[in-house]
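The values are calculated or read from the model by the stated rules, or taken from the named source; none is laboratory data. All values reported here derive from a predicted model rather than from experimental measurement. All Cβ positions, even for glycine, are placed from backbone atoms using ideal geometry, and neighbour counts span all protein chains on display.
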């Protein structure tokens, strides 16, 4: 009767259908064989063990709150749904998108950032930690073996020697450990995506800082050129005043324009130093060393290939933050299954060998050996509703992960759309500004020639000169904004198109 009772409990509370859905090596015949073996061999040899085990099975069978284990998601599909090129044992690398600008100094600065930036070191450490946790989960499948020895000598009595070995193994009957290993493997993938996202953000920030520095240098160069022209204009007004063809008002206005242009120099130089300090923080190179390396005048880096006219929404799948948010949803989903499985019983096996003797030479004699083993099936019958609350909390974590994924995706779509619009607008503005600059230069030469012969007043020359200065700075800023927008486009699509 007990044999049939044991078989009934095993078959009903470890449902074969639920088990075979995930672990095909379990079936009704296998479970029936386990029950027959336990009832015909183990129980017959040890009546005390029989009573304890039967009581445990009966208590377990009386618990009506158990439900079938939730179905696991297909582990292979989960892993394949992440970045197909991701390999957990290798460091994630962002494509070298910055080399498309064909600027050797930019390449050098970005490489220094990837080598020296502390944020990357932290992300790499997190990846190593995740791999360690995955390895720890894999090692939970193995049994533990312990050894102990002792020597005691009570007063007026002989010494006693003992030595023992004990082994314990917690089985993975319902796959909890395998599920945890899958979760930890996905945590490794998530940490890898976090590293890739950090690399992408830092390389883009370094490129932006470098472009901002070059743009500030060009603005400074334009201002210095304008100061030179204003100085020549001042000399012209002074010369005309000496020969009686001009007046003091023209000279004063020329002097005022020159002084105003010179007053912009300190702010432009301060902006240069700000960008140098930012690059120093990102690259780990000292500001003084960077100032020397950045000193030679260079043009703004320009893309050596045409920008795409249209970008499909599927390009967002290349973004590490989206892949990371997607993986987090799957991880939280698996954690719900893990928490639900914790209410099912756990089967553990243990055994021990111990030797004891009053004479050390006889310690390992066969008569000194004592052997024992046990099978334990344990489950908390009352937990005050903690398991239900854990399931509820994990479901909330899953809901948050879903909303975070939606937020990340919508933010990425907005960022990509804004960058595309910005590039289109800048291209139109550049064409208009170039045309206006050419017209302003022509107007300046005409007004200057007319002023020399007294055919026009000085204000026409001054206004034309100020217009040229303004348009040159505007065109430089537009070129810088175009390069910045191109960098943002690379970042918005994960560094590749």
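Looking only at region 445-463, which residues are part of a helix (DSSP H, G or I) and surrounded by fewer than 20 Cβ atoms within 10 Å (Cβ to Cβ)? Step through it out loud before you land on a result.
Our first condition is that a residue be part of a helix (DSSP H, G or I); within region 445-463, this holds for 445-452, 458-463.
Hits for region 445-463 are 445, 446, 448, 449, 450, 452, 459, 460, 463.
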Q: Identify all residues within region 371-394 that are part of a helix (DSSP H, G or I) and more than 23 Å from the chain's Cα centre (by Cα); write none if there are none.
A: 386, 387, 388, 389, 390, 391, 392, 393
Q: Evaluate the following for residue 78: is it under 22 Å from the mean Cα position of the chain (by Cα), modelled with pLDDT under 90 and either in a helix (DSSP H, G or I) or surrounded by 17 or more Cβ atoms within 10 Å (Cβ to Cβ) (or both)?
A: yes
Q. Any residue at all in region 480-490 that is free of Cβ contacts under 8 Å to residues at least 60 places away in the same chain and either surrounded by fewer than 20 Cβ atoms within 10 Å (Cβ to Cβ) or out of contact with any helix residue (DSSP H, G or I) (no Cβ under 7 Å at 6 or more places or on another chain) (or both)?
A. yes
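Before we move on, is residue 367 over 30 Å from residue 186 (Cα atoms), under 30 Å from the mean Cα position of the chain (by Cα) and modelled with pLDDT under 90? Before the answer, list the steps.
Working: over 30 Å from residue 186 (Cα atoms): yes; under 30 Å from the mean Cα position of the chain (by Cα): no; modelled with pLDDT under 90: yes.
Judged against the criteria, residue 367 is not a match.
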Q.
Restricting to region 355-364, count the residues that are surrounded by fewer than 16 Cβ atoms within 10 Å (Cβ to Cβ) and either part of a helix (DSSP H, G or I) or touching a strand residue (DSSP E or B) at 6+ places or on another chain (Cβ under 7 Å) (or both).
A. 6
Q) Within region 467-477, how many residues are buried (at least 20 other Cβ atoms within 10 Å of the Cβ) and under 12 Å from residue 211 (Cα atoms)? A) 1
Q: For residue 150, state whether it is touching a residue at least 60 places away in the same chain (Cβ under 8 Å), closer than 30 Å to residue 367 by Cβ and either touching a strand residue (DSSP E or B) at 6+ places or on another chain (Cβ under 6 Å) or part of a helix (DSSP H, G or I) (or both).
A: no
Q) So residue 370 clears everything in (1) in contact (Cβ under 8 Å) with a residue 12 or more places away in the chain; (2) over 30 Å from residue 165 (Cα atoms) except one condition, right? Which one? A) (2)
Q | Evaluation of residue 187 against (1) farther than 23 Å from residue 268 by Cα; (2) within 44 Å of the chain's Cα centre (by Cα); (3) modelled with pLDDT under 90 (one fails), failing number | A | (3)
Q: Would you mention how many residues in region 153-180 are closer than 27 Å to residue 369 by Cβ and either in contact (Cβ under 8 Å) with a residue 60 or more places away in the chain or part of a helix (DSSP H, G or I) (or both)?
A: 14
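One line per residue, one yes/no per condition, for (1) surrounded by 17 or more Cβ atoms within 10 Å (Cβ to Cβ); (2) without any contact (Cβ under 8 Å) to a residue 40 or more places away in the chain:
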residue: 217; (1), (2): yes, no
residue: 220; (1), (2): yes, no
residue: 243; (1), (2): no, yes
residue: 258; (1), (2): yes, yes
Q: Kindly indicate the residue of region 375-405 that is surrounded by 15 or more Cβ atoms within 10 Å (Cβ to Cβ) and in contact with a strand residue (DSSP E or B) (Cβ under 9 Å, 6 or more places away or on another chain) and also modelled with the lowest pLDDT among those meeting that condition.
A: 379
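Conditions tested, residue by residue: (1) touching a helix residue (DSSP H, G or I) at 6+ places or on another chain (Cβ under 8 Å); (2) in a strand (DSSP E or B); (3) under 30 Å from residue 473 (Cβ atoms).
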site: 182; (1), (2), (3): yes, no, no
site: 185; (1), (2), (3): yes, no, no
site: 192; (1), (2), (3): yes, no, no
site: 203; (1), (2), (3): yes, no, yes
site: 209; (1), (2), (3): yes, no, yes
site: 213; (1), (2), (3): yes, no, yes
site: 216; (1), (2), (3): yes, no, yes
site: 227; (1), (2), (3): yes, no, yes
site: 232; (1), (2), (3): no, no, yes
Q) Which ones in region 416-442 are surrounded by fewer than 17 Cβ atoms within 10 Å (Cβ to Cβ) and over 28 Å from residue 222 (Cβ atoms)? A) 417, 418
